[in-house]
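Read the structure below first, then the notes.
We did not get these values from a lab; they are worked out from the coordinates using the rules stated. Remember, it's a predicted structure, so these values are computed and weren't measured experimentally. Every residue, glycine as well, gets a Cβ built from its backbone with ideal geometry; the counts of neighbours run over all protein chains shown.
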Amino acid sequence: MEVEISRRRFLQGSVALSVVAVGATASIASKGEEKPKIVGNYGITKTSKKEVVMIPTLCEMCVNKCAVLARVEDGVVTKLDPNPYFPKSKNMLCPRGNAGIQALYDPDRLKYPLIRDGEKGSGKFKRVSWDEANEYIKEKMVKILDEEEDNRSTFLFCAGEGMAEHTFKTFYQAFGSSNWLNHASLCLQTVVSGYGATLGTYPSADLENAQYVIMAGANRAEAIVTPDSMDFFKRTQGRGAKLICIDPIFTNTAAKADKWLPIKPGTDLAFVLALTYVVIDEKMYNLKYVAENFDGFEEYKAHILGHKYTPEWAQEITGISAKDIREIAREFMLYAPKAIYYPGRRSTFSKNDFQLRRAMAIFQALGGGIDTKGGLIFGKSLKIEEHEGLSPLYAKAESRAIAKKDHPKKGEAGYADCAIVSGGGSWIGWRNRFLEGKMPYKVRGMFVYKHNPVLNMPNSAKTIEMLKKMDLVVAIDTMPSDTVLYADVVLPECTYLERTDPVKTFGGSEPSIAQRNKVIEPLYESKPIMDILRDLTAKISKPIFEITKKYDEDVQEAIEEDGEEEVYADFDLTKPFLHSQEELNEHAVAKYPGAAQILKTKGVYYPEMDKLFKQLSVNEYQYYPENSKFYSVLGGKTKMASGKVECNLASLADKGVDAMPTWKDEFAFVVPAGKFRLLTGRHAQFTQSGTSNNAMLKDLIDENYIWINKRVAKQKNIAFGDKIEVSSRIGCTVLKAYPTEKIAPDMVFFIHGFGQESKGLNMAYKVGGNDNSVIEDTIEPTYGSSIMHETNVEIRKV
Amino acid sequence: MAKYAMVLDYKNCINCKACEVACKEENGILLGANYHRIWVGVNEIKGEYPFLNIASHTFYPSQCQQCDNAPCQEVCPTRATYYDDNGVVRVDSNKCILCSYCMVACPYDARYVDERTMTVDKCNFCSDTRLARGEKTTACQATCPTKVRIFGDIEDPNSEISQVLRTREHFTLKSHIGTEPKLFYVK
Ligand code: SF4
Ligand code: SF4
Ligand code: SF4
Ligand code: SF4
């Protein structure tokens, strides 16, 4: 066999990066900085022969939390290796995980507390001490809370995903606001809730043992999630498992698939309904499983057959042939229960996403592949003690700022923009209501933790407007992101390699507990969130309690009865932050003898690990022997209260949501001639905006390119690297062209997270295009999650 | 003394490039897209949307082939390129004069210029980093999510690599030119 293999890069990234020592060129970096202990520019060091300390920790370059062994030589982290002890990540680190060193030694990091010293967005800040920063926050908070008569909900708290999100949330709860927003409505809300409403939880996929997998939308070769991505790609293409990839564009997952079916974006629901039709019509489903474990199957059957969701019907909508649909439905049932319709994680791509997930869950269950080896599994988790928070009641704190419908009829959503308000809220719904003056009360301040709402949600211009309107924005972050640019106070958090985070339990067929251990002391003046909140709450707790005393009649009465000291104890914001994270972790795993110590030395713990863990070959390890893995824990039942697969949910109908997944004509999306449907997504070398300034990852992707169908590009006289302006109703962005046949003629695609406007990011500033300055800010009707794939754009060579 | 080689289960590769980053961090390779010891070869996909040929877009992870009969070593005038005791083709940067004959001679385009030292560099099986510390894996092997690589001693019949080579069909790249690569791709 002859293959021509060239070291020349085939696409994206042929541009050499000139590495220069970056000084304090941008105004966001303050003067008078000390040099941290790093070697060479960007900490590129060769590992040495010295005996060194290897510290086990967990990666935070994406949400996956792979286990890492950090090599520390003379106080410098020189290499991150995979830690083989963790069943979840099974001895791997992806490119981003390897490049974590560059996040630690990024010269553009936030190094000191800063207070804004110019217009919002100007990037002008002055360096202050921690005490000055906290003092400034205190004064502003006291003023705002006094003016709002102790309505704690006048402060919004928002956070990105991460192991320390919980620590920050503890602050939000103790503070007593009702306004909490996290990344869920920009990410996995609909999939988690869709599976939750049908199976009682969001299950994991046992891809290690599945023989047939439909991966629709989820691009696991590029948006890596362990353990499945590693296990599965070793077995596709005639090596034990069949992978059907359904995706409008040809991804790296498609390249590993046995079959790739390009689907019209946003029509997956029609595809799944037709698969369902085939197996019900041909009675190919698992009769026993359905009889024992389904609720409302007869109604669902009548619904599917009655609506005539035939493959021929779906062919028109999805662009996938009726023949393929029939074949896939039959094959799936042939392999079931070792067949998986992969749940995915991903963003909400279309309006019908919640119903799509319900339909997927039900289709999966029709094959009986629930709570069983090779199917979707619930697994087991090892219980750990929760960190006790504080939830005082403030009489004057308003409830969450949601706009309710004036006179909702039965069968209609009670809220103005979505049917159900989830814990993480609807970010876009909230922001737009704020801007449209539809808030039930004034929200005047916000705390943003490890979160970049300017870049991470559709319509960046609106988010900027919101940040400008806030009287106080406190940003806690590691990098001067586009959101930090609009903050009044910036508190520098240290990176994940410089802190211990809350110990976490990881459920699944091979459950374990893992801990992110501090590898080196925080550089500059950065601190872990626990320490940041300890100092901040010490500063603000008493002064803001004074405001409560002034306005809160319940508190006034209580003080009269019990005395101030006793009452204050329930409102003392400092309480949850008194202990160090290390102490809290020891407490959390106290019931497992020896676990606290093992977590420090090995990073991972599970009962009898010393006996069960074995190296099997140069690359492979055993965590649990096959016969003691937790594939089946409920005997096929689901985690719903009924123990059943719920096909027909009357409780949803009351809220105006279809009780059964239903296709509606309004789901059709039209691309007018001359326009293109914009799709967004991920590559394996990049995690959203958070990694955009990473010097090492820039080697792999220098910027994002817009995929344009080759024939269309030719017609338009567009060549590789030409600058293209992409514009929609809400805005525009400019990036370079990549003509390819991997995309349909009426679509364009580019990955998310580029096009930052913060000058503090020397590597990322104005590099590539920002999808969210173009994607329209519409939300789906169930949870108000943002819809990412329903924007038409025009493209123009500039 | 050993004879080090590598097996690549290339069909596992998802083209994530973790191997490239791990190699750079381990071996202190210069930042910059043009400087790397390891890469993934991929050809432009054949066909027109939606009729695309999946097999035409296969990923071929690659690096220096550690030829047993290495043209690069043969042409080197200063003997900067040499075989070490374990059969690994190495470059002694103190002797390299950047005549770049080796770069031209290498049929696999495995060599590049390290602009810090102005000498030629390429994969050396992590000989002066991981192997020197007694580790048994290379950086690219250890990090790989789909475990494409098996590194080991082919003179030891009990080594895993020897067993794999005995039991699985494999091929080498450009075998007809007689370079005798020690990177084996399994089918
Ligand atoms: S997948 Fe990559 S970035 Fe994510 S946690 Fe694992 S190593 Fe880190
Ligand atoms: S790390 Fe493994 S899967 Fe990723 S590109 Fe390298 S060989 Fe391929
Ligand atoms: S691949 Fe090239 S550099 Fe490596 S040994 Fe062979 S000829 Fe020399
Ligand atoms: S074996 Fe070592 S030097 Fe060679 S490519 Fe892999 S990591 Fe780099």
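Rounded to the nearest 20 debye, the dipole size of the protein assembly as shown about its Cα centre is 2960 debye, using +1 on the Cβ of Lys and Arg and -1 on the Cβ of Asp and Glu. Suppose the Debye formula is applied to equal point scatterers at every Cα of the range A:510-638; what is log10 I(q)/I(0) at q = 0.13, 0.16, 0.21 Å⁻¹? For the range A:510-638 at q = 0.13, 0.16, 0.21 Å⁻¹, log10 I(q)/I(0) is -0.80, -0.93, -1.20. Within the range A:397-497, DSSP assigns beta bridges of which about 10% are antiparallel (rounded to the nearest 5). Averaged over peptide A:616-625, the number of partner chain Cβ atoms lying within 10 Å of each residue's Cβ comes to 3.
Among the complete DSSP H segments of chain A, which ones combine at least 18 Å of alpha-carbon extent along their axis with a mean Kyte-Doolittle hydropathy of 1.0 or more?
Details: long enough: A:130-147 (26 Å, -0.98); A:268-281 (19 Å, 1.85); A:322-335 (20 Å, -0.26); A:353-366 (20 Å, 0.39); A:529-551 (30 Å, 0.04).
Those that clear 18 Å and a mean of 1.0 are A:268-281.
Projecting the Cα atoms of A:680, A:329, A:307 onto the dipole axis of the protein assembly as shown, where Lys and Arg carry +1 and Asp and Glu carry -1 at the beta carbon, places A:329 farthest toward the positive end. Dividing the radius of gyration of the alpha carbons in the range A:665-797 by their Kirkwood radius gives 0.98 for Rg/Rh. For chain A, the residue among A:260, A:532, A:78 whose Cα projects farthest onto the positive side of the dipole built from Cβ charges is A:260. Per residue, the convex hull spanned by the alpha carbons of the range A:732-788 comes to 121 Å³.
For the protein assembly as shown, the Kirkwood estimate of hydrodynamic radius, built from reciprocal distances between every pair of different alpha carbons, is 29.7 Å. Once you've got the GNM for chain B with C-alpha springs shorter than 10 Å, pick whichever of B:132, B:80, B:55 has the biggest mean-square fluctuation. Comparing B:132, B:80, B:55 in the GNM, the peak value goes to B:55.
Simple rule: put +1 on each Lys or Arg Cβ and -1 on each Asp or Glu Cβ in the protein assembly as shown, find the dipole, and look at A:63, A:224, A:419; the Cα lying farthest toward the positive end is A:224. Taking Cα centroids, how far is the range A:73-110 from the range A:222-255 in Å? That distance is 25 Å. Annotation for the range A:431-463 versus the range A:319-386: alpha-carbon center distance of 34 Å.
For the segment A:109-120, counting C-beta atoms of other chains within 10 Å of every residue's C-beta and taking the mean gives 0. Dividing the mean sequence gap of close Cα pairs (under 8 Å, 6+ apart) by how many residues chain A holds gives a relative contact order of 20 percent.
How big is the charge dipole of the range B:4-186 about its Cα centre, in debye rounded to the nearest 20, if each Lys and Arg gets +1 on its Cβ and each Asp and Glu gets -1 on its Cβ?
Numbers: 20 positive and 23 negative charges, 45 e Å.
For this selection, approximately 220 debye.
Highest mean packing comes first when the peptides A:135-146, A:108-119, A:782-793 are listed by Cβ atoms within 10 Å, giving A:782-793, A:108-119, A:135-146.
For the range B:49-185, report the translational diffusion coefficient in µm²/s to the nearest whole number, using Stokes-Einstein at 37 °C, 0.692 mPa s, and a Kirkwood Rh over Cα pairs. If you can, show how the numbers build up before the last one.
Values: Rh = 16.6 Å.
The Stokes-Einstein estimate is 198 µm²/s.
In this simple spin-label model, placing a label point 7 Å from the Cα along the Cα-to-Cβ direction at both residue A:664 and residue A:131 gives a separation of 5.9 nm. With a cut-off of 12 Å between beta carbons, the residues surrounding residue A:770 carry a summed charge of -3, where Lys and Arg count +1 and Asp and Glu -1. Ignoring lysines fewer than eight residues from residue A:462 along the same chain, the ones with Cα atoms less than 23 angstrom from its Cα are A:120, A:124, A:351, A:404, A:438, A:442, A:450, A:759, A:766.
Put a plus charge on the Cβ of each Lys and Arg, a minus charge on the Cβ of each Asp and Glu, and nothing anywhere else: the dipole of the range A:665-797 about its Cα centre is then about 660 debye.
Out of the DSSP beta bridges found with both residues in chain A, what percent are antiparallel (nearest 5)? Among the beta bridges of chain A, antiparallel pairing accounts for roughly 50 percent. Run the paramagnetic zone check for residue B:83: 7 angstrom along Cα to Cβ, then residues of the range B:1-19 with backbone nitrogen under 19 Å. Under 19 Å, as judged by backbone N against the label point of residue B:83, lie B:1-7 of the range B:1-19.
For the segment B:144-157, counting C-beta atoms of other chains within 10 Å of every residue's C-beta and taking the mean gives 4. Averaging Cα coordinates gives a centre for the range A:748-793 and one for the range A:552-622; these two points are 37 Å apart. In angstrom, the C-alpha Rg and Dmax of the range A:292-379 are 13.9, 39.
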